[in-house]
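Presented below is the structure to which this report refers.
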Amino acid sequence: MQQTSPGGFKARLRQLGRRQQWAFMAALCERLMPNYGLYAQMTGQGDSAALRVILDLAWETLTVRDARIDFARQAEKLAELEPPGDDDSFGARRAVEAVVALSTLLDALQGELPEAPLEVSQVSMSGVQAYVEMSEGAEDDDPDQARARLRSHPLMADERDFQDAVLEAAEGELGRDALKALRRLGRNDGISNLGLSLG
């Protein structure tokens, strides 16, 4: 299904209930995980297993009605997993996006944050944009040409379709089976929003 106009997409995001918002963000976080994993693998920095535990706890909150998880403590642990501030490499920036998205989810789990799903959506989109610009940017492009190339790029089209599919799933009844399906959708066979995988 094609994504509706950006206004329509954002309006639908804002209409989600809190639990639906969490599910939408958790699925997008799943798809960002391989970017962090690749950074950790290539640099020896970070800990993708620890990041996985934190995201798993977020899913647990969605599936276990009375789960009692200290997300303030998880946020402290997450802050320790962020790449060093002085690492400005492409891989580090994409790993930071995974941490920022998960941090936004943790913040939302601790209180009302109506704009959080949109923030996570934009974090994922901006990573794709940076990747496209790095791999295919032409120095002499004017802004209109650059925007047109970005819009028509297969990775950006895939990102829009993916987010639309996640939103559509999150808008439904989120029973246990629906959450499992949404998590599978987010994992995307281990392929990130940049088309990268650890395998």
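Values quoted throughout were computed directly from the atomic coordinates according to the rules given, and no laboratory measurement underlies them. Fair warning: this is a prediction, and the values are worked out from it, not measured in the lab. Here the Cβ is made from the backbone with ideal geometry for all residues, glycine too, and neighbour counts use every protein chain on show.
Quick one: compute the contact order of the stretch 18-186, relative version, from alpha carbon pairs under 8 angstrom and 6+ residues apart, as a percent.
Normalised by residue count, the contact order of the stretch 18-186 is 33 percent.
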* What is the chain by shape, rounded, prolate or oblate, if you read a ≥ b ≥ c off the alpha carbon gyration tensor as root eigenvalues and call it rounded for a/c under 1.5, prolate for a/b larger than b/c, and oblate otherwise? -> oblate
* To do: For Arg151 and Asp177, compute 0.36 nm times the residue count separating them, minus their Cα-Cα distance, and round to one decimal in nm.
  => 6.0 nm
* Asked: Considering only DSSP states other than H, G, I, E and B, which trypsin sites (Lys or Arg not before Pro) in the stretch 36-139 qualify as loop sites with at most 15 other Cβ atoms within 10 Å?
  -> Arg65, Arg68
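Can you pull out the GluC sites (Glu not before Pro) in the stretch 100-199 whose DSSP state is coil and whose Cβ has at most 11 other Cβ atoms within 10 Å?
Passing sites in the stretch 100-199 are Glu112, Glu139, Glu173.
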* Asked: Taking the Cα centre of each part, how many Å lie between the stretch 16-58 and the stretch 162-199?
  -> 12
